[in-house]
1. Just the residues that are assigned to a strand (DSSP E or B) and more than 30 Å from Val417 (Cα to Cα), please, taken from segment 429-461.
2. Output the helices (runs of 4 or more DSSP H) that fall wholly within segment 536-635 and possess 2 or more residues being modelled with pLDDT under 90 and buried (at least 17 other Cβ atoms within 10 Å of the Cβ), or say none.
3. What's the number of the condition Val176 fails, among (1) in contact (Cβ under 8 Å) with a residue 40 or more places away in the chain; (2) outside the structural domain of Glu248 (by TED's automatic domain parsing); (3) surrounded by 24 or more Cβ atoms within 10 Å (Cβ to Cβ)?
4. Sort out which residues of segment 1-22 are among the aliphatic types (A, V, I, L, M) and in a helix (DSSP H, G or I), and write them in order of number.
5. Filter segment 626-666 down to the residues that are in contact (Cβ under 8 Å) with a residue 24 or more places away in the chain and among the acidic types (Asp, Glu), then identify the one that is farthest from Ala596 (Cα to Cα).
6. Among the residues of segment 266-293, how many are assigned to a helix (DSSP H, G or I) and in contact with a helix residue (DSSP H, G or I) (Cβ under 9 Å, 6 or more places away or on another chain)?
7. Scan segment 220-227 and give yes if some residue there is touching a helix residue (DSSP H, G or I) at 6+ places or on another chain (Cβ under 8 Å) and crowded, with 18+ Cβ neighbours inside 10 Å, otherwise no.
8. Where residues in segment 379-401 are hydrophobic (A, V, I, L, M, F, W, C) and at pLDDT below 80, which of them is surrounded by the fewest Cβ atoms within 10 Å (Cβ to Cβ)?
Amino acid sequence: MNLIVLQERLRERVRVAAAEKFGVGLEQVSAEVPPRTELGDLAFPIAFELAKRIKQATGEKRNPRAIAEELRRELEALEEVARVEVAGAGYLNLFFERGRLLGGLSAENRTEPPTVGADAERPKRMVEHTSVNPNKAAHIGHLRNSVIGDTFVRILRAQGERVEVHNYIDNTGVQVADVVVGFVHLEGMTLEQVRALDAALPPEDSFDYYCWDLYARVGLFYRGGDPDGKEDPERLRLRVETLHALEEGASETAALADYVATRVVNCHLDTMQRLGIRYDLLPRESEVLHFLWSHAFERMKESGALRLESEGRNRGCWVMPMETHEGSEEHEADKVIVRSNGTVTYTGKDIAYQLWKLGQVDLNFNFKPFRAYADGHAVWMTTNAPDADGAPPAPGFGGGARVYNVIDSRQSYPQEVVKRGVAAVAPEVGEDASVHLSYEMVALSPAAAEELGIELSTEERARPFIEMSGRRGLGVKADDLIDRLEENALKEVEARHAQLTDAERRKIAHVIAVGALRYFLLKWTRNSVIIFDFQEALSFEGETGPYCQYAAVRANSIFRKLDEPTLAASLEFVSRAARTEGDGPDVVDESLAHRASEIRAVFEGEGGDEIWSLLMQAARFEEALRHAAAQHEPAHLAKYAFQLARSFNLFYHRHHIIGEEMEAKRAVLIAITNFVRRQLIAALDALGIEVPDRM
C-alpha cells in the first residue's frame, strides 16, 4: 500500500468519470490535502475545472456542486474510500477507510525502513557537487555545497533514479598555481622536498592544513605584505608563468602541482567521508583540456555559438553572444570562452565538460581507480595515461540525460552561459538538461567564530555574522568544525550515558554531530544566507538534527522493550482486521469483523483524529521526496522530517503505547508507531542523517 499509488488510482477514476459522464479529457487532476483531518484526507477541486471545460465545449452552464455529486458516487465505489463529501461550491472531500489503509501500510516491509534500488531503465542523472579547489583544506562554505549535493543525490536515489556523482577537480587553476608559487618561490622547495615535508607532518597538521596557511601567505606576498595593498604585477607574473606550466604539463612545476592537488583531494575525500559523502568520479580539468576541449571548441564554432571579436575590450577573444547581465563588465567577461592570448576560460572548460556529461562529445577520458570506500565502492579519476593492461574496466561514465551542478549563487550568470552554450551546440538536449542548484554563503555567528579561535574586534563582535576569506586565511576549516561539534556532543553523551564505554560514547557523539551539522545546513532553503551557531545546531529542542534523531531513538526504544510475539500479534491483528474493512456481506469470519469494528472505534473515539493524522503524515514521506526532487530543494524534506518528528513526540507523550490495556487500541498504536519510525528513519537517511542507538 502506497499513498502515491492510491492517489493516482483516485485521479484515474476521476479522469475516466470525466470522459464518460461529461466528454472531457483531463491530462492533470489536481489534489489537495485539507488543512484539518475532520475536513477529509484528500480533496479534489476538479468540479470547477470541469464546469469551465463543459461551458467552453458546449456553451452549457453546469453547477460545479452538481458535477461534484456525480463524481462522488464514482469515488465512493473504491474500497479504500469510506465516504466522499461535497463541500462548499463543489469541492470533493475524500475520507479513507482508516482500518484498511492502516493494515496496508503496516503490512508492507514491517520491520525495516523502505529502500528503493536504482532502476536501470531510467535515464541517468548527473550530479556535480563539492568541486573544491585542491589547494587547501575545505571550509564550512564547501560543506554546504557538499551536503546539498549529497542529499539531492540521496533524494533522487530514494526514488529509484540512476545517479552518477561527480566532484570536479580544478588541478590547473589559479588556486593550485598560487600554492605552487608558495612552495617554489616562498619556501624554495622541490617536489621531493614537498614529499618529505608531507611525510613528516604530524596528524594534527595535515597537508591540506599546511597548504591553507601557505595559500594565505602567497596572497600577502602578491600584495607586498599588506593585506589591503594592491597586487604587485611583477610578483603576479610568477602566477602566470606557473599557470602556463600547469596547462602545458610535462615539467617539474606541473609534477609538483599534480602532487599538491592529488594529496589535497585525498584530504578532501577524508573530510567529506566523515559526513557520509561519497563520489563516483573525479574528473580533472587537465583531462578536460587534453581530451575534450579542441573537439568541443570546434563544435561551438561550427554551431555559431561563438564569434571572434574584432574590436572593443574583447578584441581577439572568442565570445558567446549574449545580452550582458545587468550591463556589468564582470558579467561581460563571463561570456568570453577563449581569451585573446589563447587560454581557455572557466566557462569554456565548463561547456566542454557539460557536453561530455550529457553524452554530446564523441571523445572520452581515460580512467583509473583513485580509492575505495570501506564497502568496496570505488571512486575513479580521469587520467592522461591510457588504460593499463589488466586494469579493471571503468564504469560507463557520462551520457546523462540531465545534469545538476551545485555551485554557489555568485556563479549564476556563468552557469547561464554554460546552459545556453550547451543548448546552442546540442539543441536536441536543450537548456532544460542543465540545472544549476545555487546556494548562498555560510557565515559564522560571532560566538561560533570565537569558539573556533578566531580573534574578533569589538566591532566584529557587534556584527550579526562574520564573513570568511580563504585568501586571507580567515575561515573555518571543515574538519575543525566537525571536531568541535563532536567534542560538544560528547559532553552531552557523557552526561547522559556514563555507563557506556568511551568508544561507544564517541560513536554516538559522531552520529549526533553529523546529524546536527547536516540538518543545520539543509533546513534553510538554498537561497538563504546561513549564520552557523554551535548551540543552535546541537540543541536537542527545536528544529535541529538531534531533535529529529531523538524522536527516532524514542520510537526504536519502544521496539527494544516490546517482545517479538507481541509486535507480531499487534501487526497481524491490524492486518487481518483491515482485510474485512469495507468488504461487505462476503465476510464470513465474525471475529475478524469484530476486530475491524474495534479498530474503527479507536479512530472514531477520543484522540482518533490525532492518531490518524500522524499516520497520514508519515504516509506522505514519498510525496515529500517527490516535492524536494521536483523543486530541487532538500530543505523541503528536512522540514518534513522535523514536522513528523514533532508530531510523533506529541503522540508519544499522549499515549501509553505498550501499556495500553485495550487490545485493539494497543495494536493500532504499535502499528502506527512502527510505520512512523520506518518513515522517519527513511526520511533522515535521505538527508544523510543516521539514527544512533541512544541519545
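The values are calculated or read from the model by the stated rules, or taken from the named source; none is laboratory data. Predicted model, so just to flag it, every value in this text is computed and none were measured. Reconstructed Cβ throughout: ideal geometry from the backbone, glycine too, with neighbour counts over all protein chains shown.
1. Of all residues in segment 429-461, those assigned to a strand (DSSP E or B) come to 434-437, 442-444.
Across segment 429-461, the qualifying residue is only Leu444.
2. On the way: elements: 545-561, 564-578, 590-604, 608-619, 621-630.
Per the criteria, 564-578, 590-604.
3. Evaluating Val176 over (1) in contact (Cβ under 8 Å) with a residue 40 or more places away in the chain; (2) outside the structural domain of Glu248 (by TED's automatic domain parsing); (3) surrounded by 24 or more Cβ atoms within 10 Å (Cβ to Cβ) leaves (2) as the failure.
4. First pass over segment 1-22, keeping only residues among the aliphatic types (A, V, I, L, M): 1, 3-6, 10, 14, 16-19.
Within segment 1-22, Leu3, Ile4, Val5, Leu6, Leu10, Val14, Val16, Ala17, Ala18, Ala19 qualify.
5. Only one residue tops the list, namely Glu633.
6. Going residue by residue through segment 266-293, those that are assigned to a helix (DSSP H, G or I) are 266-273, 285-293.
Then keep just the ones that are in contact with a helix residue (DSSP H, G or I) (Cβ under 9 Å, 6 or more places away or on another chain); that gives 266-268, 270-272, 285-286, 288-289, 291-293.
Residues that pass the stated criteria total 13.
7. Looking through segment 220-227, at least one residue is touching a helix residue (DSSP H, G or I) at 6+ places or on another chain (Cβ under 8 Å) and crowded, with 18+ Cβ neighbours inside 10 Å.
8. Here is the first cut: in segment 379-401, the residues hydrophobic (A, V, I, L, M, F, W, C) are 379-381, 385, 388, 391, 394, 397, 401.
Adding the requirement that they be at pLDDT below 80 leaves 388, 391.
On the way: Ala388: 10, Ala391: 13.
My answer is Ala388.
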